[in-house]
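Here the structure is laid out as structure tokens; the discussion comes afterwards.
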Amino acid sequence: MSISVKGRSTMALYSSASCIQCHRVRFVLAEKGINVEIVDVESDAASAEDMAELTPYNETPTLVDRDLVLYDAGVINEYLDERYPHPPLMPVDPVSRARLRLVHYRVLRDWYALAAQIEAATGKKADAPRKQLKEGIIAANELFENSDFLLSDELSLVDCTLAPLFWRLPAYGIDLGKSAPAVQGYIQRLISRSSFKASLTTAERELVLNAA
């Protein structure tokens, strides 16, 4: 069913079932308990047409909140964190926020870029980015040793970006083994959260089941 954008009383997220960027947003929405309609554009042609009119890039995720239309997962998540401040997903002090934002930038530029290469590759073309991603995560193990979450005792937007990536590691053919015990513990803390479980689509659950 096509969604009318103007005059909506409910927030809507135009999402793709297996899109890692959409998963970032769905995790934040679930963590904050926000009432939102998730619109799967892959199964709804009319909604896909609506989205094409909303964003110049015709890409998911796209968020509609009354007359406001946002695209890009990072922009959407920062808006959600400011619009719905409880629980907060970034520290209050500017130094800690800046440090987390820098780490966030590197995760997206380095690890997410490699994940995109893996997803786009076929056959042995995925071997090089797969190796780079695995080695990069193992090398970062010490960052996860001293707190429950990345550089923080509280969940942050960076964790909401890392969780969808780490969830997909089996589907990417990456097994960290015993090389990164702190990362392994961190992953279990994330994926055991009820909000993370709620953020998963059927397709994302099957990613891991099919990789097992």
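The values are calculated or read from the model by the stated rules, or taken from the named source; none is laboratory data. Computed from a predicted structure; not experimentally measured. Every residue, glycine as well, gets a Cβ built from its backbone with ideal geometry; the counts of neighbours run over all protein chains shown. Note: areas computed on protein heavy atoms with side chains; ligands, DNA, RNA excluded. Shrake-Rupley method; radii C 1.70, N 1.55, O 1.52, S 1.80 Å.
State, to one decimal in nm², a quarter of the convex hull surface area for the C-alpha atoms of the chain, i.e. the direction-averaged projected area.
On the way: hull surface 48.5 nm².
In nm², the orientation-averaged hull projection of the chain is 12.1.
Carbon and sulfur atoms: what percent of the 1.4 Å accessible area of the chain do they account for?
Of the solvent-accessible surface of the chain, carbon and sulfur hold 51 percent.
Under 17 Å between alpha carbons: how many lysine pairs meet that in the chain, if sequence neighbours fewer than 8 apart on the same chain are excluded?
5
Kindly give the semi-axes, whole Å and largest first, of the ellipsoid equivalent to the range 8-132, taking each as the square root of 5 times a Cα gyration tensor eigenvalue. Show your work: numbers first, answer last.
Values: eigenvalues 131, 108, 24 Å².
The three semi-axes for the range 8-132 are 26, 23, 11 Å.
At what distance in angstrom do the alpha carbon centres of the range 120-136 and the range 11-41 lie from each other?
Measuring centre to centre over Cα atoms gives 27 Å.
Accessible area per residue, 1.4 Å probe, Å², for the range 118-204: what's the number?
Working: 4170 Å² over 87 residues.
Heavy-atom accessible area per residue stands at 48 Å².
Under a 1.4 Å probe, what is the accessible area of the range 33-113 per residue, stated in Å²?
Details: 4940 Å² over 81 residues.
Using a 1.4 Å probe on heavy atoms only, each residue of the range 33-113 averages 61 Å².
Working out 0.36 nm times the residue gap between Val69 and Ala211, then minus their Cα-Cα distance, what length gain in nm do you get to one decimal? Let's see the in-between values first.
Values: separation 142, 0.36 × 142 = 51.12 nm, distance 3.57 nm.
Taking 0.36 nm per residue and subtracting the Cα distance, the gain is 47.5 nm.
Can you check what the net charge comes to around Ala17, using other residues whose Cβ is under 12 Å from the Cβ of Ala17 (Lys, Arg +1; Asp, Glu -1)? The partial results should precede the final answer.
Numbers: positive: Arg26, Arg205; negative: Asp40, Glu42, Asp44, Glu204, Glu206.
Overall, the nearby charge balance is -3.
What is the angle, in °, between the Cα long axis of helix 181-191 and the longest principal axis of the Cα atoms in the chain? Nearest 10 is fine, range 0 to 90.
Roughly 20 degrees, rounded to the nearest 10.
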